[in-house]
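The values are calculated or read from the model by the stated rules, or taken from the named source; none is laboratory data. Note that the structure is predicted; figures quoted are calculated from it, not measured. Ideal geometry is used to build each Cβ from the backbone, glycine not excepted, and the neighbour counts take in all protein chains shown. For accessibility, only protein heavy atoms count, side chains too; no ligands or nucleic acids. Shrake-Rupley method; radii C 1.70, N 1.55, O 1.52, S 1.80 Å.
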Amino acid sequence: MDTAEYVAVAHSLHDGAARDRPPVYPLYLRLCMLTGDWQRTAVAGQKVFIAMLAATLVSLFQRMGLTAGWSITGALLCSLSPLTVKYSDWILPELGVVVCLALLWKLVVDLTHKSGAQQFRLAVAAGLLSGVVVLLKPVWVGGIVFVGAAWLLAEKERRRMIPAVATMTVCHVVVCSAWVAFLSVNFGQHSVSRIGTMNFNVSAIRAGLVDSGRGTNLYDHLAANGLLEEARQLKWDDFEGFSRIKDAIPVDLRADTRFARQVARERLWDYIRVNLARVPTFFVTRGGGPDGGFPGMPSWLRRLYFRFYDNLVRVGSRKPGFPVFLVLLLISTSVGLRNEQLRSQTAVGASMIAYFVLVLSLMTYQDQNFMRMRVEIEAVMLAVAGGPLAHAALCFWRRRADRVDT
């Protein structure tokens, strides 16, 4: 369904799907349609995106002080995870998001070493790129605030950085506002997308908060179709009952803004409490079964490839297992924030992760969606979980080698 809507917008920005699917990925598809087999071209282009992602991460790792060999190895491990490889074959914008976020991460880190006109130009580029991410997937609409705040907190010369953060934020807002203006003129819509409202409403119903929306169109639809009582008694673990209710709600009614406002006004804390309890699940979501991988990969190597990433994310077959990845991420972030050389880079990467974890936990109404949504931030997560620790290990071995030499 998502792919069909992106294709529809690629054919015409005035298609109704544009209300939910911003224009950057449809523009990419439109360019691919200039070739004979556009779907094959789109997938091939996304393979190139992986190379761009790896090259960007190599640069970031080298800024951390890692050697060329360590940087290339780390970049490949972060860029070629099973999730990233799997979704590079799907005609969806997830891979474009993670590449743009890695580039944005690099631009913000580079800003630290610039001043004057150079810093201003780079800040403009970072802000415009951040806006482009929003027009790929609206989930990033507030991400620039997290990045700017983390960068300022990590820097000692904050006053010198404030103009750059302000410039980034303004450029981000300008890009988003241009699209909102288009939607306002053509559809009377005053938000970048309706997807966030839809997810909030559906998640509120699953959390048993339906009565807070009484008197709204969505509430009345449930009542008219005999679903209101079932929704009132719905428990979060009753996925079958939830799916039955969700599938009976038309798309336009899922985007009922009055329902969302009333739930937020009356039961926001309950909504947050229920959804934030799912944060650990985000980190232990597996990367898929061993049926993917690379074309022509021997079966034994395919199993080894998946087992490596599987054990990194979660050890053991029993839920939830030991969250190796989460522990590594917390330790590595702590190491990076304590090191002056790594502080800004670690803080910016960690802020991106924190933003995605918070927003996706609050706005994704079923845990199965975490696998797909995590593609957008997984390479950054792997880089933050490994980069500072690799730097610490390298420094340790260098000191040890120096002691042996002396």
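Of the conditions (1) surrounded by fewer than 19 Cβ atoms within 10 Å (Cβ to Cβ); (2) farther than 22 Å from Thr333 by Cα, Ala149 clears all except one; give me its number.
All conditions are met except number (2).
Looking only at the range 232-268, which residues are of a type in the set (Gly, Ala, Ser) and in contact with an Asp or Glu (Cβ under 9 Å, 6 or more places away or on another chain)? Spell out the reasoning first.
So the first thing to find is which residues in the range 232-268 are of a type in the set (Gly, Ala, Ser), and the list is 241, 243, 248, 255, 260, 264.
Answer for the range 232-268, where residues must be of a type in the set (Gly, Ala, Ser) and in contact with an Asp or Glu (Cβ under 9 Å, 6 or more places away or on another chain): Gly241, Ala255.
Scan the range 34-47 residue by residue and report those that are surrounded by fewer than 16 Cβ atoms within 10 Å (Cβ to Cβ) and either touching a Leu at 6+ places or on another chain (Cβ under 7 Å) or not in a helix (DSSP H, G or I) (or both).
Matches in the range 34-47: Leu34, Thr35, Gly36, Asp37.
Check whether at least one residue in the range 94-113 is more than 30 Å from Asp310 (Cβ to Cβ) and assigned to a loop (DSSP other than H, G, I, E, B), and report yes or no. Give the derivation first.
Filtering the range 94-113 down to residues more than 30 Å from Asp310 (Cβ to Cβ) leaves 107-113.
From what's left, assigned to a loop (DSSP other than H, G, I, E, B): 112-113.
Within the range 94-113, one or more residues are more than 30 Å from Asp310 (Cβ to Cβ) and assigned to a loop (DSSP other than H, G, I, E, B).
Is there any pair linking a residue in the range 77-98 that is over 19 Å from Val284 (Cα atoms) to one that is of a type in the set (Gly, Ala, Ser) and not in a helix (DSSP H, G or I), with Cβ under 6 Å and at least six apart or on different chains, and which?
Taking only residues 6 or more apart or on different chains, the pairs are Leu95/Ser88.
Identify all residues within the range 114-131 that are open to solvent by 50 Å² or more (accessible area, probe 1.4 Å) and part of a helix (DSSP H, G or I); write none if there are none. Working first, answer last.
Within the range 114-131, the first condition is being open to solvent by 50 Å² or more (accessible area, probe 1.4 Å), and the residues that meet it are 114-118, 120-121, 128.
Across the range 114-131, the qualifying residues are Gly116, Ala117, Gln118, Phe120, Arg121, Leu128.
Looking at the structure I just gave you, is Val165 buried (at least 16 other Cβ atoms within 10 Å of the Cβ), in a helix (DSSP H, G or I) and either at positive phi or not hydroxyl-bearing (Ser, Thr, Tyr) (or both)? So that I can check it myself, show each step before the final result.
Numbers: buried (at least 16 other Cβ atoms within 10 Å of the Cβ): yes; in a helix (DSSP H, G or I): yes; either at positive phi or not hydroxyl-bearing (Ser, Thr, Tyr) (or both): yes.
Yes: the conditions hold for Val165.
Say whether the condition of being part of a helix (DSSP H, G or I), closer than 29 Å to Ala18 by Cβ and open to solvent by 20 Å² or more (accessible area, probe 1.4 Å) is met by at least one residue in the range 226-242.
We begin by selecting, within the range 226-242, every residue part of a helix (DSSP H, G or I); these are 228-232, 239-242.
Those left that are additionally closer than 29 Å to Ala18 by Cβ: 242.
With the extra rule that they be open to solvent by 20 Å² or more (accessible area, probe 1.4 Å), the set shrinks to none.
No, every residue in the range 226-242 fails to be part of a helix (DSSP H, G or I), closer than 29 Å to Ala18 by Cβ and open to solvent by 20 Å² or more (accessible area, probe 1.4 Å).
Name the single residue that is farthest from the chain's Cα centre (by Cα) among those in the range 152-162 being in contact (Cβ under 8 Å) with a residue 40 or more places away in the chain and surrounded by fewer than 20 Cβ atoms within 10 Å (Cβ to Cβ). Steps first, please.
Of the range 152-162, the ones in contact (Cβ under 8 Å) with a residue 40 or more places away in the chain are 153-155, 160-161.
Pick out the ones that are also surrounded by fewer than 20 Cβ atoms within 10 Å (Cβ to Cβ) and you get 153, 155, 160.
Details: Leu153: 22, Glu155: 25, Arg160: 29 Å.
Top of the filtered list is Arg160.
Go through (1) in contact with a Gly (Cβ under 7 Å, 6 or more places away or on another chain); (2) crowded, with 21+ Cβ neighbours inside 10 Å and name the single condition Lys86 misses.
With respect to (1) in contact with a Gly (Cβ under 7 Å, 6 or more places away or on another chain); (2) crowded, with 21+ Cβ neighbours inside 10 Å, Lys86 is out only on (2).
So which of Leu53, Leu29 is open to solvent by less than 50 Å² (accessible area, probe 1.4 Å) and touching a Cys at 6+ places or on another chain (Cβ under 9 Å)? If you could, list the steps in order and put the result at the bottom.
Values: Leu29 fails: touching a Cys at 6+ places or on another chain (Cβ under 9 Å).
When all the criteria are applied, what remains is Leu53.
So Leu103 ticks every box in (1) within 23 Å of Cys171 (Cα to Cα); (2) open to solvent by less than 10 Å² (accessible area, probe 1.4 Å) but one. Which box is left unticked?
Leu103 satisfies every listed condition except (2).
Quick check: anything in the range 258-265 open to solvent by 30 Å² or more (accessible area, probe 1.4 Å), modelled with pLDDT of 90 or more and touching a Pro at 6+ places or on another chain (Cβ under 8 Å)? Walk me through how you get there before you give the answer.
Kept after step one, since they are open to solvent by 30 Å² or more (accessible area, probe 1.4 Å), are these residues of the range 258-265: 258, 261, 264-265.
Narrowing the set further to residues that are modelled with pLDDT of 90 or more leaves 258, 261, 264-265.
Filter once more, keeping what is touching a Pro at 6+ places or on another chain (Cβ under 8 Å): none.
No, every residue in the range 258-265 fails to be open to solvent by 30 Å² or more (accessible area, probe 1.4 Å), modelled with pLDDT of 90 or more and touching a Pro at 6+ places or on another chain (Cβ under 8 Å).
What is the residue count in the range 60-84 for residues that are of a type in the set (S, T, N, Q), closer than 21 Å to Ser344 by Cα and in a helix (DSSP H, G or I)?
2
Pairs, please: C-beta under 9 Å, at least 6 apart or cross-chain, first residue surrounded by fewer than 19 Cβ atoms within 10 Å (Cβ to Cβ) and in the range 349-377, second of a type in the set (Asp, Glu)?
Arg372/Glu94
Read through the list (1) touching a residue at least 60 places away in the same chain (Cβ under 8 Å); (2) open to solvent by 20 Å² or more (accessible area, probe 1.4 Å), then give the number of the only condition that Arg303 fails.
If we test Arg303 against (1) touching a residue at least 60 places away in the same chain (Cβ under 8 Å); (2) open to solvent by 20 Å² or more (accessible area, probe 1.4 Å), just (1) comes out false.
Condition first: open to solvent by less than 50 Å² (accessible area, probe 1.4 Å), touching a Ser or Thr at 6+ places or on another chain (Cβ under 9 Å), of a type in the set (Gly, Ala, Ser) and under 18 Å from Met363 (Cα atoms). Can you find one or more residues in the range 183-203 that meet it?
yes
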